[in-house]
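Take a look at the structure set out below.
The values are calculated or read from the model by the stated rules, or taken from the named source; none is laboratory data. No experiment lies behind these values; they were computed from the predicted model shown. Positions of Cβ are generated from backbone atoms using ideal geometry, with glycine treated the same way; all protein chains shown enter the neighbour counts.
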Amino acid sequence: MNNILTLSKKVGISISEVARRIDMQPHTLRRYTRGDSEPKLELANKIAEIFGCTATEVLGIEAVAGHPLGKIPLYGSASAGLGSDITNMDRAIDHINRPSFLISQANAYAVFVVGESMEPRFRSGEVLFVDPDAPVRKGADVIVQTIEDDELTAIIKTYISSDDHDLKLQQLNPNLELVIPKNKVTCIHSVQGSWYRL
């Protein structure tokens, strides 16, 4: 969850005043403070300027000081189109600050998006935060890892359904439905949030 309300109290600027400065209705900004939805990066940057902090602090994706789970692994790239892969899932390319909304999820990880097939939902270069232990529901954004000829690959799509034989996914750009044989799928993990890395 974002830190707008916490930062507002810390610096002594009311939510109404923040809303006025960014030309937003106070009741709209309060939706973010309640966690009804999360701000996009553009809005987080505007709020960060007022609070004198970073957008990542506003978004709640700074590491929690002293917390043993302060970092999560970042893997190569999750394909936003069929054919690309996540670089060796056994070895992260980096470790980045754990978002506050995943602070209790020990197995959480992050991946880069490449390609344009999930635009405008996700952009190339965006970082996706993934919780392997979260339930996967219809309409959820998911990372699907598959294996073929000993090669591990992953795609980011929207989950539609699955049965004993196939997994059905939705792609946005172009809009089409994908069917993947279940025997090639190693796991389906739920995307819990995203961040366009500055």
Please find, among Leu152, Leu169, Leu178, the residue that is assigned to a strand (DSSP E or B) and without any contact (Cβ under 8 Å) to a residue 40 or more places away in the chain. Leu169
Of everything in the range 1-36 that's hydrophobic (A, V, I, L, M, F, W, C) and outside any loop (DSSP other than H, G, I, E, B), which residue is surrounded by the fewest Cβ atoms within 10 Å (Cβ to Cβ)? Val11
Enumeration of residues in the range 134-149 that are in contact (Cβ under 8 Å) with a residue 24 or more places away in the chain and among the small types (Gly, Ala, Ser): Ala134, Ala140
Within the range 101-139, how many residues are aliphatic (A, V, I, L, M), farther than 27 Å from Arg34 by Cβ and in contact with a His (Cβ under 8 Å, 6 or more places away or on another chain)? 0
Quick count over the range 181-198, residues being modelled with pLDDT under 85, of a type in the set (A, V, I, L, M, F, W, C) and part of a strand (DSSP E or B), is 1
Take Lys157 and decide whether it is buried (at least 21 other Cβ atoms within 10 Å of the Cβ) and either among the aliphatic types (A, V, I, L, M) or at pLDDT 85 or above (or both). yes
Of all residues in the range 12-50, how many are among the hydrophobic types (A, V, I, L, M, F, W, C) and modelled with pLDDT of 90 or more? 9
Checking Ser104, Ser79, Ser117 in turn, the sole residue that is modelled with pLDDT under 80 and either buried (at least 19 other Cβ atoms within 10 Å of the Cβ) or under 12 Å from Ile188 (Cβ atoms) (or both) turns out to be Ser79
Sort through Asp85, Asp94 and tell me the only one that's touching a Leu at 6+ places or on another chain (Cβ under 8 Å) and at pLDDT 80 or above. Asp94
Of the residues in the range 37-59, those that are surrounded by 15 or more Cβ atoms within 10 Å (Cβ to Cβ) and under 14 Å from Ile13 (Cβ atoms) come to Lys46, Ile47, Ala48, Ile50, Phe51, Cys53, Val58
